[in-house]
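The values are calculated or read from the model by the stated rules, or taken from the named source; none is laboratory data. As the structure is a prediction and not an experimental result, all values here were calculated from the model. Every residue, glycine as well, gets a Cβ built from its backbone with ideal geometry; the counts of neighbours run over all protein chains shown. Just the protein is used for accessible areas: all its heavy atoms, side chains included, with ligands, DNA and RNA removed. Shrake-Rupley method; radii C 1.70, N 1.55, O 1.52, S 1.80 Å.
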Amino acid sequence: MKIEPTYYYQELLVIRQNPDSYNTSNLRQKLRKLIDEKAPERVFKTNLETLEYRDSGGSNKPLKYFLMTVEYYYQWYKNGAVVNPECVDKSRVYDFAGTSIEHIYPQNAEISFLDSNLEPLKNTLGNLTILDPAQNTYAGNDTFVEKKPLYQASSMLLNRDIAVQANWTQQEINNHKNLLVDVALKIFYP
């Protein structure tokens, strides 16, 4: 979705004219209207549910931004998602270059633990999270059980919640996808 630059120019003019009394509510209303017109909730939800990691031939930046955004607001969500979305832990800096997309069920599973039920789901939203690039390299294509201690020790709350699972099956992948979509809906469609 391309944001209308006109909205920003209009708001910049208002800020310039009255910097001490500027309120973001007007811009928020314009952006909410734009979201409602260009990306109604049902379209947004459907697009999220079909979001997948691309092995090649495309960018995974939107996916990475999405996962980082969910992590940013996840504690707020767990606290009941009341009032406006906010980052509860403001001491944490989420660095785009300092994160990588992690496949919970491995992207390239070894033959000895390849799961034919999970192979078609490995690049889907429900099988993805974010990690520090060094941790992701360290975890490599290990099994979920081998990666669990890494998730348990993660600074990411989503990863610590993933680590409480006994196994990583189709059901957990579906549950994780539904969780990510629900968090996003609470953030963007309060």
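At-a-glance table
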read-out	value
Residue order for 8, 105 - accessible surface, 1.4 angstrom probe, largest first	8, 105
Förster-model FRET efficiency, 45 Å R0, residue 111 and residue 68, C-beta, rounded to 0.05	0.85
In degrees, nearest ten, helix 5-17 long axis to first principal axis of the chain (Cα)	50 degrees
Apportionment of accessible area to carbon and sulfur, the chain, percent (1.4 Å)	50 percent
Electrostatic dipole magnitude of the chain [Cβ: Lys, Arg +1; Asp, Glu -1; Cα centre; debye, to 20]	680 debye
Listed values (1) 18.4; (2) 16.7; (3) 17.9, entry calculated as Kirkwood radius over Cα pairs in Å	(1)
For residue 86, solvent-accessible area (1.4 Å; no DNA, RNA or ligand), Å²	90 Å²
Cβ-defined net charge surrounding residue 89, 14 Å radius [Lys, Arg +1; Asp, Glu -1]	+2
For q = 0.11, 0.27 Å⁻¹, Debye-computed log10 I/I(0) when each Cα of the range 106-183 counts as one equal scatterer	-0.26, -1.62
Exceeding the 27 Å Cα-Cα cut-off - candidates 90/122; 61/90; 61/148	90/122
Average accessible area per residue (Å²) across the range 39-156 - probe 1.4 Å, nucleic acids and ligands excluded	56 Å²
